[in-house]
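Right, one structure below, let's go through it.
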Amino acid sequence: MRRLVTVLWALVVLTLLGALAWLPAHLGQQIGFAQFFAMPAPWLAALALIGLLLLATSLLRRRVRMLTLVCVLVVALASVPWLSPRLTTPPRAFDVASLPAASADGLRVLSWNVGGSADSVDDVAALAQQVSPQVIALPETTPSEAHALADQLAADGLDMRVLPAQGSDSAWPSSVLISSKLGRYRVVDDTSQSVRPGVAAKPVNGQGPTIVVAHAQQPGFAVEQAQIWRAHLGWLGSWCDSGEAVIVGDFNGTDANIGPTLGSCRAPGSDTQGSTTGGTWPSVLPAWLGAPIDRAYTTDQWQVRGLWPISGQRVTASDHRPIVVDLSRSATPAG
């Protein structure tokens, strides 16, 4: 009987370990747990629970002590892929004063989901003055709020044109401000999605990347929400497969959750400055504990040189941290 209990316990432990290794990358796309499994807390809590169960078992049954030691070793090994990048490059947010100056031949993007909060326009304007972006991506920002921001920036010497998503100040708005120095852009009128996944702007003269502000549906815990989220990722990926594109904003999922769904777009590489693992949501948690769901992806013609989650913002400004992204043209663009 004891042998049977030992075997059953080993199967339970191995099943749990297998699930922990598989869930973060896959379950988020299946039933909408992307944000939950994007955060380290559930992972650590699950490993701690297994550790406690193993400890209790070892105290109750001497014959499974060796099994317990083996399982603890497996738990430790299973956590290595998650821990390694966080030990070499710890997740963090950055004070804006520590950022390098914007490159003259690159493209700097400021992205911030302020949750449709009109009283956060001043916060965005103040940050824009400090980081000097050529593009400001604003998920959950209405046209009226975006125009108010543009007016404030113009008064401070930053000439930027507002390109809101088609339609009025309705639910799920997105806006993008693009510097006049980049030339004229136009919003692409796209009604393929019942819920807006963001806004795409193309250069009028065809010179330059398509700039896409991502605002993917929050996965939540409902199957329907997860389906909309995957559809939004598919919409974003369609821009990756249709030419030169820079996609930045609120993806409501991490790179592990998103996986290959963005077509030919790629995530920032290992040589990226800053921290691609620093949590941006929720902003009340420290960056090492939050989920990095505000992200940037590019086609092969562009490369993310730096991505910095920004700290020190007003607590009530947003439940997201802003990110500053530096991009440059790839040395060997595709095609």
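The values are calculated or read from the model by the stated rules, or taken from the named source; none is laboratory data. Every value quoted in this text rests on a predicted model; they were computed, and no experiment measured them. All Cβ positions, glycine included, derive from the backbone under ideal geometry; neighbour counts span all protein chains shown. Just the protein is used for accessible areas: all its heavy atoms, side chains included, with ligands, DNA and RNA removed. Shrake-Rupley method; radii C 1.70, N 1.55, O 1.52, S 1.80 Å.
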### Query
Which one is nearest to Asp319 (Cα to Cα) among residues in the stretch 185-227 that are surrounded by fewer than 14 Cβ atoms within 10 Å (Cβ to Cβ) and of a type in the set (Asp, Glu)?
Glu224
### Query
So which of Leu182, Leu177 is open to solvent by less than 70 Å² (accessible area, probe 1.4 Å), out of contact with any strand residue (DSSP E or B) (no Cβ under 7 Å at 6 or more places or on another chain), closer than 29 Å to Asp241 by Cβ and modelled with pLDDT of 90 or more?
Leu182
### Query
Given the structure, is Arg65 out of contact with any Lys or Arg (no Cβ under 8 Å at 6 or more places or on another chain), farther than 25 Å from Asp190 by Cβ, at pLDDT 90 or above and open to solvent by 60 Å² or more (accessible area, probe 1.4 Å)?
no
### Task
Could you grab me the full set of residues in the stretch 322-335 that are within 14 Å of Arg108 (Cβ to Cβ) and either surrounded by 24 or more Cβ atoms within 10 Å (Cβ to Cβ) or of a type outside the set (D, E, K, R) (or both)?
Pro322, Ile323, Val324, Val325, Asp326, Leu327, Ser328
### Message
Of all residues being in contact with a strand residue (DSSP E or B) (Cβ under 7 Å, 6 or more places away or on another chain), under 15 Å from Ile258 (Cα atoms) and not hydrophobic (A, V, I, L, M, F, W, C) in the stretch 193-232, which is modelled with the lowest pLDDT? Just the residue, please.
### Response
Pro197
### Query
Which residues, counting only those in the stretch 235-264, are small (Gly, Ala, Ser) and open to solvent by 40 Å² or more (accessible area, probe 1.4 Å)?
Ser238, Ser242, Ala256, Gly263, Ser264
### Query
Does Asp319 meet the test of being touching a Ser or Thr at 6+ places or on another chain (Cβ under 6 Å), in a loop (DSSP other than H, G, I, E, B) and among the acidic types (Asp, Glu)?
yes
### Task
With the checklist (1) open to solvent by less than 40 Å² (accessible area, probe 1.4 Å); (2) in contact (Cβ under 8 Å) with a residue 40 or more places away in the chain in hand, flag the one item Ala267 doesn't pass.
(2)
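Here's the yes/no breakdown for (1) out of contact with any Asp or Glu (no Cβ under 9 Å at 6 or more places or on another chain); (2) closer than 17 Å to Val188 by Cα; (3) hydroxyl-bearing (Ser, Thr, Tyr):
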site	(1), (2), (3)
Pro219	yes, no, no
Gln227	yes, no, no
Ala231	yes, no, no
Ser238	yes, yes, yes
Ile247	yes, yes, no
Pro260	yes, no, no
### Task
Return the only residue of Asp294, Asp250, Asp300 being acidic (Asp, Glu) and farther than 19 Å from Leu110 by Cβ.
Asp300
### Task
Please specify each residue of the stretch 281-321 satisfying the condition of being in contact with a His (Cβ under 9 Å, 6 or more places away or on another chain), farther than 30 Å from Ala331 by Cα and open to solvent by less than 40 Å² (accessible area, probe 1.4 Å).
Pro282, Ser283
